[in-house]
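To start, the structure under review is shown below, and the notes come after it.
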């Protein structure tokens, strides 16, 4: 499962973060704790869990708070799980970025990581995490929880669904989970907004 980090002040203000290292705010910390409680309810007590995270502080702190609430070991850090770099768009409000360069999900903001490059990096990162987890836990089956960022998760969802999800204009809320199955080098989406309370 990949979980988007909790809220930051830049999220609240509608600013583009990218690789800028913006910390969680109090609402984001509460979201992370709630995600940890929900994970504790969902995870099988008989299956080992490996928690990983982007090395940016908003993801790392989210993972640490989830670990505390879910009763699992703290995160292993993977820079490959960082957010998309938005170049000159970082720090701007989303509306300002779109006014200058168009849709942030589809355009080439100067200095920004392209979507194909983001997808390639994200897939390579996920495959590295899975290989490391299998190596550390074999022969046991293990659940892997990764805390990362909205654009990276969005691109992996697109990849796994052949572009069917997310819907155009759909925002992936903070502290929501998306469950993938990785078999060899194939990835499929098996749960969307997996941490929602039903």
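So the values come out like this:
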{"read-out": "Highest-fluctuation residue, 111, 169, 18 considered, GNM on the chain with Cα pairs under 10 Å", "value": "169"}
{"read-out": "Tilt relative to the chain, helix 26-42 - C-alpha long axis, 0 to 90 degrees, to 10", "value": "30"}
{"read-out": "Hull volume in cubic angstrom per residue (convex hull over the Cα atoms of segment 1-102)", "value": "96"}
{"read-out": "Cα centroid separation, segment 10-74 to segment 157-176 (Å)", "value": "19"}
{"read-out": "Angle between the chain longest axis and helix 150-160 axis [Cα atoms, degrees, rounded to 10]", "value": "70"}
{"read-out": "Residues 178, 78, 192, 86, sorted so that the one with the fewest Cβ neighbours within 10 Å comes first", "value": "192, 78, 86, 178"}
{"read-out": "Theoretical ellipticity at 222 nm over the chain - DSSP helices of four or more residues, -39500 (n - 2.57) apiece, nearest 500", "value": "-12500 deg cm²/dmol"}
{"read-out": "Segment 1-126: relative contact order as a whole-number percent, Cα under 8 Å and 6+ apart", "value": "26"}
{"read-out": "FRET efficiency, 1/(1 + (r/R0)^6) with R0 35 Å, evaluated for residue 136 and residue 9 via beta carbons", "value": "0.45"}
{"read-out": "Ranking of 103, 132, 46 by count of other Cβ atoms within 10 Å, fewest first", "value": "46, 103, 132"}
{"read-out": "Angle between the chain longest axis and helix 57-70 axis [Cα atoms, degrees, rounded to 10]", "value": "30"}
{"read-out": "Volume of the Cα convex hull of the chain, divided per residue and given in Å³", "value": "108"}
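Every number in this text was worked out from the coordinates using simple rules, so none of it is lab data. The model shown is predicted, which means the values in this text are computed figures rather than measured ones. Backbone-built Cβ (ideal geometry, glycine too); neighbour counts: all protein chains shown.
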